[in-house]
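The values are calculated or read from the model by the stated rules, or taken from the named source; none is laboratory data. What you see is a predicted model; the values in this text were computed from it and never measured. No Cβ is skipped: glycine too gets one built from the backbone with ideal geometry, and neighbour counts run over all protein chains shown. SASA here: full protein model, heavy atoms, side chains in, ligands and nucleic acids out. Shrake-Rupley method; radii C 1.70, N 1.55, O 1.52, S 1.80 Å.
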Amino acid sequence: KLAVALRAMGHTVSANTVRRLLRHLGFSRQGNAKANEGRGHPDRDAQFNHINARVLEFQAADQPVISVDTKKKELIGNYKNAGTEWRPEGHPRRVNVHDFENKELGKAIPYGVYDVADNSGWVSIGVTHDTAQFAVNAVRLWWEKMGRGRYPGADRVMITADGGGSNGSRVRLWKRELQALADDTGLTISVCHYPPGTSKWNKIEHRLFCHISQNWRGRPLTSRLAVVELIAATTTTTGLTVACEVDPTEYQKGIKVNREEMENLSITRDDFHPEWNYTISPRTINRAVILA
(Lines give C-alpha, C1' and ligand atoms only; values in the text may rest on other atoms or scores of the structure.)
Protein backbone atom coordinates (compact mmCIF):
# COMPACT_ATOMS: atom_id res chain seq x y z
CA LYS A 1 0.00 0.00 0.00
CA LEU A 2 2.86 2.33 0.80
CA ALA A 3 4.46 1.66 -2.59
CA VAL A 4 1.16 2.37 -4.37
CA ALA A 5 0.74 5.62 -2.46
CA LEU A 6 4.27 6.73 -3.32
CA ARG A 7 3.81 5.89 -6.99
CA ALA A 8 0.56 7.88 -6.99
CA MET A 9 2.63 10.85 -5.79
CA GLY A 10 5.03 10.41 -8.69
CA HIS A 11 7.82 8.61 -6.82
CA THR A 12 9.42 5.42 -8.15
CA VAL A 13 10.50 3.13 -5.30
CA SER A 14 11.88 -0.37 -4.98
CA ALA A 15 10.80 -3.08 -2.56
CA ASN A 16 13.93 -2.50 -0.47
CA THR A 17 13.10 1.19 -0.07
CA VAL A 18 9.59 0.37 1.06
CA ARG A 19 11.01 -2.14 3.56
CA ARG A 20 13.36 0.47 5.01
CA LEU A 21 10.58 3.04 5.25
CA LEU A 22 8.26 0.59 7.02
CA ARG A 23 10.95 -0.25 9.58
CA HIS A 24 11.59 3.46 10.10
CA LEU A 25 7.88 3.90 10.81
CA GLY A 26 7.98 1.15 13.45
CA PHE A 27 6.57 -1.74 11.40
CA SER A 28 7.86 -5.32 11.31
CA ARG A 29 6.67 -8.62 9.86
CA GLN A 30 4.47 -10.38 12.40
CA GLY A 31 2.35 -13.50 12.40
CA ASN A 32 -1.21 -13.70 13.64
CA ALA A 33 -1.72 -13.76 17.40
CA LYS A 34 -4.59 -15.80 18.81
CA ALA A 35 -6.19 -13.32 21.18
CA ASN A 36 -9.84 -12.81 20.26
CA GLU A 37 -12.11 -15.29 22.03
CA GLY A 38 -15.26 -13.97 20.38
CA ARG A 39 -18.02 -11.70 21.59
CA GLY A 40 -18.04 -11.39 25.37
CA HIS A 41 -21.17 -12.23 27.33
CA PRO A 42 -22.58 -9.29 29.34
CA ASP A 43 -22.57 -11.44 32.51
CA ARG A 44 -19.03 -12.70 31.95
CA ASP A 45 -17.51 -11.04 35.01
CA ALA A 46 -20.54 -11.81 37.16
CA GLN A 47 -20.22 -15.52 36.32
CA PHE A 48 -16.52 -15.45 37.21
CA ASN A 49 -17.39 -13.89 40.55
CA HIS A 50 -20.09 -16.52 41.07
CA ILE A 51 -17.65 -19.35 40.34
CA ASN A 52 -15.03 -17.86 42.65
CA ALA A 53 -17.54 -17.54 45.50
CA ARG A 54 -18.63 -21.17 45.10
CA VAL A 55 -15.03 -22.37 44.99
CA LEU A 56 -14.19 -20.55 48.22
CA GLU A 57 -17.34 -21.98 49.84
CA PHE A 58 -16.41 -25.57 48.93
CA GLN A 59 -12.76 -25.20 49.92
CA ALA A 60 -13.71 -23.70 53.28
CA ALA A 61 -15.75 -26.85 53.95
CA ASP A 62 -12.90 -29.13 52.72
CA GLN A 63 -15.03 -30.31 49.81
CA PRO A 64 -13.26 -31.05 46.50
CA VAL A 65 -13.25 -28.61 43.59
CA ILE A 66 -12.20 -30.05 40.24
CA SER A 67 -11.64 -28.50 36.83
CA VAL A 68 -12.36 -30.74 33.83
CA ASP A 69 -11.80 -30.64 30.07
CA THR A 70 -10.68 -32.62 27.04
CA LYS A 71 -7.14 -32.00 25.81
CA LYS A 72 -6.40 -31.93 22.08
CA LYS A 73 -6.67 -35.36 20.44
CA GLU A 74 -3.28 -36.80 19.52
CA LEU A 75 -2.28 -39.13 16.68
CA ILE A 76 -0.55 -42.31 17.83
CA GLY A 77 2.52 -43.19 15.80
CA ASN A 78 5.85 -41.79 14.64
CA TYR A 79 4.47 -38.29 13.99
CA LYS A 80 6.00 -34.87 14.55
CA ASN A 81 5.20 -33.36 17.93
CA ALA A 82 5.59 -29.62 18.45
CA GLY A 83 8.62 -28.37 20.36
CA THR A 84 12.26 -29.38 20.61
CA GLU A 85 14.38 -31.78 22.65
CA TRP A 86 18.11 -32.22 23.31
CA ARG A 87 19.78 -34.52 20.73
CA PRO A 88 23.23 -34.79 19.13
CA GLU A 89 23.77 -31.86 16.75
CA GLY A 90 22.71 -32.67 13.21
CA HIS A 91 20.72 -35.73 14.25
CA PRO A 92 17.07 -34.72 14.70
CA ARG A 93 14.55 -37.42 15.42
CA ARG A 94 13.15 -38.72 12.10
CA VAL A 95 9.36 -38.83 11.90
CA ASN A 96 6.72 -39.38 9.24
CA VAL A 97 6.40 -36.69 6.58
CA HIS A 98 2.60 -36.88 6.46
CA ASP A 99 0.24 -36.87 9.44
CA PHE A 100 -2.23 -39.41 8.12
CA GLU A 101 -3.90 -41.35 10.91
CA ASN A 102 -2.69 -44.91 11.41
CA LYS A 103 -5.94 -46.87 11.52
CA GLU A 104 -4.39 -49.62 13.63
CA LEU A 105 -2.88 -47.29 16.24
CA GLY A 106 -5.67 -44.70 16.14
CA LYS A 107 -5.77 -41.61 18.34
CA ALA A 108 -5.42 -40.78 22.00
CA ILE A 109 -8.16 -38.66 23.58
CA PRO A 110 -6.92 -37.24 26.92
CA TYR A 111 -9.68 -36.12 29.30
CA GLY A 112 -8.36 -34.40 32.40
CA VAL A 113 -9.58 -33.85 35.95
CA TYR A 114 -7.59 -31.29 37.94
CA ASP A 115 -7.93 -31.05 41.73
CA VAL A 116 -7.58 -27.33 42.42
CA ALA A 117 -6.68 -27.57 46.13
CA ASP A 118 -4.45 -30.64 45.92
CA ASN A 119 -2.61 -29.54 42.75
CA SER A 120 -2.99 -33.02 41.30
CA GLY A 121 -4.49 -34.37 38.12
CA TRP A 122 -6.09 -37.45 36.66
CA VAL A 123 -6.09 -38.09 32.90
CA SER A 124 -8.12 -40.78 31.15
CA ILE A 125 -6.92 -41.71 27.67
CA GLY A 126 -9.92 -42.52 25.48
CA VAL A 127 -9.63 -44.75 22.43
CA THR A 128 -12.93 -44.16 20.61
CA HIS A 129 -14.95 -40.95 20.98
CA ASP A 130 -15.00 -37.90 23.25
CA THR A 131 -18.52 -38.28 24.64
CA ALA A 132 -20.24 -37.19 27.84
CA GLN A 133 -20.12 -40.81 29.07
CA PHE A 134 -16.34 -40.80 28.61
CA ALA A 135 -16.06 -37.45 30.41
CA VAL A 136 -18.11 -38.52 33.43
CA ASN A 137 -16.30 -41.85 33.64
CA ALA A 138 -13.03 -39.90 33.94
CA VAL A 139 -14.54 -38.03 36.89
CA ARG A 140 -15.68 -41.36 38.35
CA LEU A 141 -12.17 -42.83 38.04
CA TRP A 142 -10.65 -39.72 39.62
CA TRP A 143 -12.99 -40.11 42.60
CA GLU A 144 -12.35 -43.83 43.00
CA LYS A 145 -8.56 -43.67 42.62
CA MET A 146 -7.69 -40.24 44.03
CA GLY A 147 -10.57 -38.14 45.31
CA ARG A 148 -12.09 -40.51 47.88
CA GLY A 149 -8.75 -40.95 49.63
CA ARG A 150 -7.92 -37.25 49.52
CA TYR A 151 -11.36 -36.17 50.84
CA PRO A 152 -12.64 -38.96 53.12
CA GLY A 153 -15.34 -36.74 54.64
CA ALA A 154 -16.63 -35.28 51.38
CA ASP A 155 -20.30 -35.48 50.51
CA ARG A 156 -20.17 -32.81 47.79
CA VAL A 157 -17.97 -32.03 44.80
CA MET A 158 -17.82 -28.93 42.62
CA ILE A 159 -16.98 -29.14 38.93
CA THR A 160 -15.90 -26.19 36.77
CA ALA A 161 -16.14 -26.85 33.04
CA ASP A 162 -16.28 -25.18 29.66
CA GLY A 163 -19.63 -24.40 28.12
CA GLY A 164 -19.17 -26.72 25.13
CA GLY A 165 -17.79 -30.10 24.13
CA SER A 166 -18.57 -33.40 25.85
CA ASN A 167 -19.16 -31.57 29.16
CA GLY A 168 -21.14 -28.71 27.65
CA SER A 169 -23.87 -26.85 29.50
CA ARG A 170 -26.47 -27.91 26.92
CA VAL A 171 -25.46 -31.58 26.73
CA ARG A 172 -28.26 -33.69 28.20
CA LEU A 173 -26.12 -36.83 28.30
CA TRP A 174 -23.58 -35.01 30.50
CA LYS A 175 -26.28 -34.30 33.07
CA ARG A 176 -27.74 -37.80 32.90
CA GLU A 177 -24.34 -39.39 33.46
CA LEU A 178 -23.59 -37.02 36.35
CA GLN A 179 -26.88 -38.12 37.90
CA ALA A 180 -25.78 -41.75 37.66
CA LEU A 181 -22.47 -40.80 39.29
CA ALA A 182 -24.27 -38.98 42.09
CA ASP A 183 -26.56 -41.98 42.65
CA ASP A 184 -23.65 -44.43 42.75
CA THR A 185 -21.35 -42.40 45.01
CA GLY A 186 -23.84 -40.48 47.16
CA LEU A 187 -22.07 -37.24 46.20
CA THR A 188 -23.99 -34.05 45.53
CA ILE A 189 -22.44 -32.60 42.37
CA SER A 190 -22.45 -28.85 41.74
CA VAL A 191 -21.46 -27.68 38.26
CA CYS A 192 -20.43 -24.21 37.11
CA HIS A 193 -19.74 -23.58 33.43
CA TYR A 194 -17.52 -20.80 32.16
CA PRO A 195 -19.24 -18.23 29.92
CA PRO A 196 -18.86 -18.46 26.13
CA GLY A 197 -15.45 -17.36 24.88
CA THR A 198 -13.62 -17.87 28.20
CA SER A 199 -12.55 -21.51 28.02
CA LYS A 200 -8.86 -20.66 28.48
CA TRP A 201 -9.63 -19.41 32.00
CA ASN A 202 -10.48 -22.94 33.07
CA LYS A 203 -7.73 -23.82 35.56
CA ILE A 204 -6.99 -27.20 34.01
CA GLU A 205 -5.68 -25.43 30.90
CA HIS A 206 -2.83 -23.55 32.58
CA ARG A 207 -2.22 -25.77 35.61
CA LEU A 208 -2.23 -29.21 33.98
CA PHE A 209 -2.53 -29.38 30.19
CA CYS A 210 0.20 -26.82 29.46
CA HIS A 211 2.69 -28.78 31.59
CA ILE A 212 1.80 -32.04 29.84
CA SER A 213 2.42 -30.42 26.44
CA GLN A 214 5.75 -29.08 27.67
CA ASN A 215 6.79 -32.45 29.08
CA TRP A 216 6.32 -34.33 25.81
CA ARG A 217 7.50 -31.57 23.45
CA GLY A 218 9.44 -32.93 20.48
CA ARG A 219 8.60 -36.54 21.42
CA PRO A 220 6.54 -38.65 18.98
CA LEU A 221 3.66 -40.38 20.74
CA THR A 222 4.43 -43.81 19.35
CA SER A 223 1.95 -45.76 21.49
CA ARG A 224 -0.78 -45.24 24.05
CA LEU A 225 1.64 -46.58 26.66
CA ALA A 226 4.06 -43.79 25.73
CA VAL A 227 1.23 -41.26 26.16
CA VAL A 228 0.39 -42.64 29.61
CA GLU A 229 4.02 -42.67 30.74
CA LEU A 230 4.73 -39.13 29.51
CA ILE A 231 1.60 -37.73 31.15
CA ALA A 232 2.24 -39.58 34.42
CA ALA A 233 5.82 -38.25 34.46
CA THR A 234 4.61 -34.63 34.36
CA THR A 235 5.66 -32.64 37.43
CA THR A 236 6.30 -29.01 38.33
CA THR A 237 8.33 -27.15 40.93
CA THR A 238 5.06 -26.28 42.68
CA GLY A 239 4.35 -29.97 43.34
CA LEU A 240 2.00 -31.02 40.55
CA THR A 241 1.45 -34.78 40.33
CA VAL A 242 -0.51 -36.59 37.63
CA ALA A 243 -1.97 -40.09 37.33
CA CYS A 244 -2.98 -41.46 33.95
CA GLU A 245 -4.70 -44.55 32.61
CA VAL A 246 -6.15 -45.79 29.32
CA ASP A 247 -9.93 -46.08 29.24
CA PRO A 248 -10.52 -48.93 26.75
CA THR A 249 -14.32 -48.57 26.74
CA GLU A 250 -15.90 -48.16 23.29
CA TYR A 251 -18.15 -45.14 23.72
CA GLN A 252 -20.94 -44.63 21.21
CA LYS A 253 -21.72 -41.28 19.61
CA GLY A 254 -25.20 -39.90 19.08
CA ILE A 255 -26.89 -41.19 22.25
CA LYS A 256 -30.13 -39.26 22.77
CA VAL A 257 -31.63 -38.38 26.15
CA ASN A 258 -35.37 -37.76 25.99
CA ARG A 259 -37.45 -35.28 27.95
CA GLU A 260 -38.78 -37.92 30.34
CA GLU A 261 -35.26 -38.88 31.38
CA MET A 262 -34.41 -35.23 31.97
CA GLU A 263 -37.52 -34.75 34.12
CA ASN A 264 -36.42 -37.66 36.31
CA LEU A 265 -33.09 -36.02 37.14
CA SER A 266 -32.69 -34.63 40.66
CA ILE A 267 -31.34 -31.31 39.44
CA THR A 268 -31.61 -27.93 41.13
CA ARG A 269 -30.73 -24.89 39.06
CA ASP A 270 -29.28 -21.72 40.55
CA ASP A 271 -31.20 -18.47 40.33
CA PHE A 272 -28.22 -16.86 38.58
CA HIS A 273 -27.85 -18.23 35.05
CA PRO A 274 -29.44 -21.63 35.73
CA GLU A 275 -28.16 -22.90 32.38
CA TRP A 276 -24.58 -22.48 33.65
CA ASN A 277 -24.99 -23.25 37.35
CA TYR A 278 -26.81 -26.27 38.73
CA THR A 279 -26.59 -29.01 41.34
CA ILE A 280 -27.35 -32.70 40.88
CA SER A 281 -28.28 -34.59 44.05
CA PRO A 282 -28.35 -38.36 44.64
CA ARG A 283 -31.80 -39.82 44.14
CA THR A 284 -33.01 -41.30 47.43
CA ILE A 285 -34.60 -44.34 45.77
CA ASN A 286 -31.37 -45.36 44.09
CA ARG A 287 -29.31 -44.70 47.24
CA ALA A 288 -31.66 -46.92 49.28
CA VAL A 289 -31.04 -49.72 46.78
CA ILE A 290 -27.28 -49.17 46.95
CA LEU A 291 -27.20 -49.13 50.75
CA ALA A 292 -29.30 -52.30 50.87
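Descriptive notes on the structure:
- Annotation for Leu56 and His24: the two label points, set 7 Å from Cα along the Cα-Cβ direction, are 5.6 nm apart.
- Length released on extending from Glu245 to Ala180, taking residue separation times 0.36 nm less the Cα-Cα span: 21.2 nm
- When only alpha carbons are used to place a centre, segment 200-250 and segment 103-137 end up 10 Å from one another.
- Using C-alpha pairs below 8 Å separated by at least 6 residues, the relative contact order for the chain is 22 percent.
- Percent carbon-and-sulfur accessible area, the chain, ignoring ligands, DNA and RNA, probe 1.4 Å: 50 percent
- Extension gain for Phe48 to Glu229 (0.36 nm times residue separation, less C-alpha to C-alpha distance): 61.7 nm.
- Take segment 155-292 with all the other protein chains still there, run a 1.4 Å probe, and you get 51 Å² of accessible area per residue.
- Cα gyration tensor shape for segment 104-221, rounded if a/c is under 1.5, else prolate or oblate: rounded
- Taken about its Cα centre, segment 53-114 carries a charge dipole of roughly 280 debye when the Cβ of each Lys and Arg holds +1 and the Cβ of each Asp and Glu holds -1.
- Within a straight-line Cα-Cα reach of under 19 Å, Lys175 can be paired with the following lysines, leaving aside sequence neighbours fewer than 8 residues apart in one chain: Lys253, Lys256.
- Against the chain, whose longest principal axis comes from its Cα atoms, helix 44-60 is set at around 50 degrees.
- Segment Asn119..Ala8, full-extension length gain: 33.7 nm, with 0.36 nm per residue of separation and the alpha-carbon distance subtracted.
- Residues in segment 66-82 that a label on Lys145 would reach, taking backbone N under 17 Å of a point 7 Å out along Cα→Cβ: 67-71
- Cβ-Cβ FRET estimate between Thr238 and Glu260, R0 fixed at 35 Å, reported to 0.05: 0.15
- This structure gives Kirkwood radius over Cα pairs in Å, computed directly, and of (i) 22.9; (ii) 18.5; (iii) 21.9 that value is listed as (iii).
- For segment 86-134: accessible area per residue (Å², 1.4 Å): 59 Å²
- Set Lys80/Lys145; Lys103/Lys145; Lys71/Lys145; Lys103/Lys200; Lys103/Lys203 screened for pairs whose C-alpha atoms are more than 28 Å apart: Lys80/Lys145; Lys103/Lys145; Lys103/Lys200; Lys103/Lys203
- Axis of helix 15-24 versus longest Cα principal axis of the chain: the two differ by about 60°, to the nearest ten degrees.
- Within the chain, antiparallel bridges make up roughly 55 percent of the DSSP beta bridges whose residues both belong there.
- The chain: angle of helix 172-185 to the longest principal axis, Cα-based, in degrees nearest 10: 50 degrees
- DSSP beta bridges in segment 103-245 [antiparallel fraction, %, rounded to 5]: 40 percent
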